[in-house]
Every structure is written in C-alpha cells, then in structure tokens.
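Peer 1: Take a look at the following structure, please.
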C-alpha cells in the first residue's frame, strides 16, 4: 500500500496531471507524467475503467499497479506525479510484463 503522501487522491490533481502532463503510451497502459516541485514526494494515481473487466479483474489490475507504484516511489522519491491508466487487455498480461513496461517509461522520463 502506498502512503497517502504518495497517492494522487483529489479529482483536481488527477485532471491537472492528465491534462497538463506528458503522455507516454505502452501496449497495456497510458502513463501521464507531470513534474512537480523537487521538495514534494512522488505521487501516483491509477485509473482502471470498466473496459478492463469486471470488479474482480479491475481489482487485480489495480493491486498489480500499486505494487509497481511502490517500486516507482522508491526509484524516484521526489518531484513527479504519475497517473497510470490501464488499457483493456492489461488484465491478460503477466505482472512482469506490466512492471517492465512501466519501469521502462520511468527510466525514459528521467532524462
């Protein structure tokens, strides 16, 4: 579980990150990246719509994304907001595939 300081929780923060952040597409997710103050902690938010599957499937995908998000927070402790939107088909891929896609985006965005 991510700490509250590391979660995007308000609708305004979600909208701001999605609208003004840089969008990077992977085969199974869209990742929106917004730079923030270097003193603020990295925050993550997840969007998993009904297009991904039923409630059980969406919860599975969300748990996987949260686990990956924990690694993102450890790798980049300050200065960014990330919103991960799971795409239909993300429920059918392995955890390692999803993890490698998101961590690759993180490495590319560091530059």
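Peer 1: Could you identify the single residue in 41, 27 that is exposed (fewer than 12 other Cβ atoms within 10 Å of the Cβ) and touching a helix residue (DSSP H, G or I) at 6+ places or on another chain (Cβ under 8 Å)?
Peer 2: Answer to the selection: 27.
Peer 1: So is residue 98 touching a strand residue (DSSP E or B) at 6+ places or on another chain (Cβ under 8 Å) and over 25 Å from residue 12 (Cα atoms) or not?
Peer 2: Working: touching a strand residue (DSSP E or B) at 6+ places or on another chain (Cβ under 8 Å): yes; over 25 Å from residue 12 (Cα atoms): yes.
In short, yes.
Peer 1: Oh, and also: With respect to residue 78, is the statement that it is surrounded by fewer than 20 Cβ atoms within 10 Å (Cβ to Cβ) and within 18 Å of residue 7 (Cα to Cα) true? Show your work before the answer.
Peer 2: Working: surrounded by fewer than 20 Cβ atoms within 10 Å (Cβ to Cβ): yes; within 18 Å of residue 7 (Cα to Cα): yes.
When the stated conditions are applied, residue 78 passes them.
Okay, residues lined up against (1) part of a loop (DSSP other than H, G, I, E, B); (2) surrounded by 12 or more Cβ atoms within 10 Å (Cβ to Cβ); (3) touching a residue at least 24 places away in the same chain (Cβ under 8 Å):
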{"site": "14", "(1), (2), (3)": "no, yes, yes"}
{"site": "32", "(1), (2), (3)": "no, yes, yes"}
{"site": "59", "(1), (2), (3)": "no, yes, no"}
{"site": "64", "(1), (2), (3)": "no, yes, yes"}
{"site": "73", "(1), (2), (3)": "no, yes, yes"}
{"site": "82", "(1), (2), (3)": "no, yes, yes"}
{"site": "96", "(1), (2), (3)": "no, no, no"}
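Peer 1: In this structure, is residue 39 closer than 23 Å to residue 108 by Cα, touching a strand residue (DSSP E or B) at 6+ places or on another chain (Cβ under 8 Å), touching a residue at least 12 places away in the same chain (Cβ under 8 Å) and part of a loop (DSSP other than H, G, I, E, B)?
Peer 2: On the way: closer than 23 Å to residue 108 by Cα: yes; touching a strand residue (DSSP E or B) at 6+ places or on another chain (Cβ under 8 Å): yes; touching a residue at least 12 places away in the same chain (Cβ under 8 Å): yes; part of a loop (DSSP other than H, G, I, E, B): yes.
Against the criterion (closer than 23 Å to residue 108 by Cα, touching a strand residue (DSSP E or B) at 6+ places or on another chain (Cβ under 8 Å), touching a residue at least 12 places away in the same chain (Cβ under 8 Å) and part of a loop (DSSP other than H, G, I, E, B)), residue 39 qualifies.
Peer 1: Mind listing whichever residues of segment 98-111 are in contact (Cβ under 8 Å) with a residue 24 or more places away in the chain and not in a helix (DSSP H, G or I)?
Peer 2: 110
Peer 1: Among residues belonging to segment 42-57 that are touching a strand residue (DSSP E or B) at 6+ places or on another chain (Cβ under 8 Å) and not in a strand (DSSP E or B), point out the one that is nearest to residue 7 (Cα to Cα). It would help to see each step written out before you state the result.
Peer 2: The first filter runs over segment 42-57 and keeps only residues touching a strand residue (DSSP E or B) at 6+ places or on another chain (Cβ under 8 Å), leaving 42-49, 52.
Now drop any that are not not in a strand (DSSP E or B), which leaves 42, 48-49, 52.
Working: 42: 8, 48: 15, 49: 18, 52: 22 Å.
Checking each candidate, the answer is 42.
The numbers here are math on the coordinates, done by the rules we state, and not lab data. The shown structure was predicted, so the numbers you read here are calculated from the model rather than taken from an experiment. In this analysis, Cβ positions are derived from the backbone assuming ideal geometry, glycine residues included, and neighbour counts consider all displayed protein chains.
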